[in-house]
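A.B. asks: Sharing a structure below in structure tokens format, with a few things to ask.
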Amino acid sequence: MAILQILEFPDPRLRKIAIPVSVFDARLEVLIADMLETMYEAQGIGLAATQVNVHKRLMVLDVSENKDSPQVFINPSFEVIDEDLFDYDEGCLSVPGFYETVSRPQTIHARAQDYQGQEFELTAEGILSICVQHEIDHLNGKLFVDYLSTLKRQRIRAKLEKEHKKTA
């Protein structure tokens with residue numbers, strides 16, 4: 001397994017729309033293992049393939065308290081079950097150090113495939129619902145900062161660009 005580099009906002013590669021996964025093979029399993037290792041190393045609860053510059057519809061999550069319940073979603077989609085919005089202070093491994101309140105639907109019904117291509121469905125509420133929506137946004141080229149005001153988004157962009165220049 002390997003730790004992958006996580007792209008950071010405002011990297012334009014984060015805006016690419018991911019393509020569906022059609023081949024379920026050993027290379028895909030290695031990518032999934034690397035993504036999980038990367039997510040755990042970065043102390044995240046979700047990671048989309050787009051964030052590691054792989055533009056396939058794949059994401060990994062683990063919202064468990066002990067970080068021992070990884071979930072893999074391939075070619076995911078969802079529909080809103082409960083229109084009531086839930087406010088959550090979201091962070092993102094691609095927008096390090098920033099947490100902002102985002103409103104998203106409380107309950108969703110998700111569909112996806114597992115690492116073997118088997119389809120599954122689940123109803124997600126609370127943090128799992130937020131995480132699934134957040135990671136699917138990544139696969140669609142969208143970041144949580146897109147839900148913020150233009151001013152907040154510009155401030156975050158400027159701070160991260162300044163940090164990138166320091167480390168370059």
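The values are calculated or read from the model by the stated rules, or taken from the named source; none is laboratory data. In this text, all values refer to a predicted model and were calculated from it rather than measured experimentally. Every residue, glycine among them, receives a Cβ derived from its backbone with ideal geometry; neighbour counts consider all protein chains shown. Just the protein is used for accessible areas: all its heavy atoms, side chains included, with ligands, DNA and RNA removed. Shrake-Rupley method; radii C 1.70, N 1.55, O 1.52, S 1.80 Å.
A.B. asks: What is the residue count in the stretch 55-90 for residues that are closer than 14 Å to Ala33 by Cα and out of contact with any helix residue (DSSP H, G or I) (no Cβ under 6 Å at 6 or more places or on another chain)?
C.D. replies: 6
A.B. asks: Out of the residues in the stretch 121-132 meeting the condition of being in contact with a strand residue (DSSP E or B) (Cβ under 6 Å, 6 or more places away or on another chain) and open to solvent by 10 Å² or more (accessible area, probe 1.4 Å), tell me which one is farthest from Lys56 (Cα to Cα).
C.D. replies: Per the criteria, the residue is Glu125.
A.B. asks: Of all residues in the stretch 82-120, count the ones that are over 17 Å from the mean Cα position of the chain (by Cα) and of a type in the set (Gly, Ala, Ser).
C.D. replies: Counting residues in the stretch 82-120 that are over 17 Å from the mean Cα position of the chain (by Cα) and of a type in the set (Gly, Ala, Ser) gives 1.
A.B. asks: Now for a separate question. What about Phe86, is it among the hydrophobic types (A, V, I, L, M, F, W, C), within 15 Å of Arg57 (Cβ to Cβ) and open to solvent by 40 Å² or more (accessible area, probe 1.4 Å)?
C.D. replies: For Phe86, the condition - among the hydrophobic types (A, V, I, L, M, F, W, C), within 15 Å of Arg57 (Cβ to Cβ) and open to solvent by 40 Å² or more (accessible area, probe 1.4 Å) - is not met.
A.B. asks: Anything in the stretch 91-114 that is touching a helix residue (DSSP H, G or I) at 6+ places or on another chain (Cβ under 8 Å), open to solvent by 30 Å² or more (accessible area, probe 1.4 Å) and of a type in the set (Ser, Thr, Tyr)? List them, or say none.
C.D. replies: Matches in the stretch 91-114: Ser103 only.
A.B. asks: On the given criteria, is Asp137 modelled with pLDDT under 95 and open to solvent by less than 70 Å² (accessible area, probe 1.4 Å)?
C.D. replies: no
A.B. asks: Looking only at the stretch 19-34, decide whether some residue is basic (Lys, Arg), over 19 Å from Thr123 (Cα atoms) and touching a helix residue (DSSP H, G or I) at 6+ places or on another chain (Cβ under 8 Å).
C.D. replies: Taking every residue of the stretch 19-34 in turn, none turns out to be basic (Lys, Arg), over 19 Å from Thr123 (Cα atoms) and touching a helix residue (DSSP H, G or I) at 6+ places or on another chain (Cβ under 8 Å).
A.B. asks: Right, something else. Can you confirm whether the stretch 124-140 contains a residue that is under 17 Å from the mean Cα position of the chain (by Cα) and assigned to a strand (DSSP E or B)?
C.D. replies: yes
A.B. asks: If you don't mind, another one. Gln154 fails exactly one of the following numbered conditions: (1) without any contact (Cβ under 8 Å) to a residue 24 or more places away in the chain; (2) open to solvent by 50 Å² or more (accessible area, probe 1.4 Å); (3) in contact with a strand residue (DSSP E or B) (Cβ under 8 Å, 6 or more places away or on another chain). What is the number of that condition?
C.D. replies: Gln154 satisfies every listed condition except (3).
A.B. asks: Which ones in the stretch 29-69 are in contact (Cβ under 8 Å) with a residue 60 or more places away in the chain and open to solvent by 40 Å² or more (accessible area, probe 1.4 Å)?
C.D. replies: Glu29, Ile45, Val63
A.B. asks: Kindly indicate whether Leu14 is among the aliphatic types (A, V, I, L, M), touching a residue at least 40 places away in the same chain (Cβ under 8 Å) and either closer than 21 Å to His164 by Cα or not in a loop (DSSP other than H, G, I, E, B) (or both).
C.D. replies: Answer is yes for this residue.
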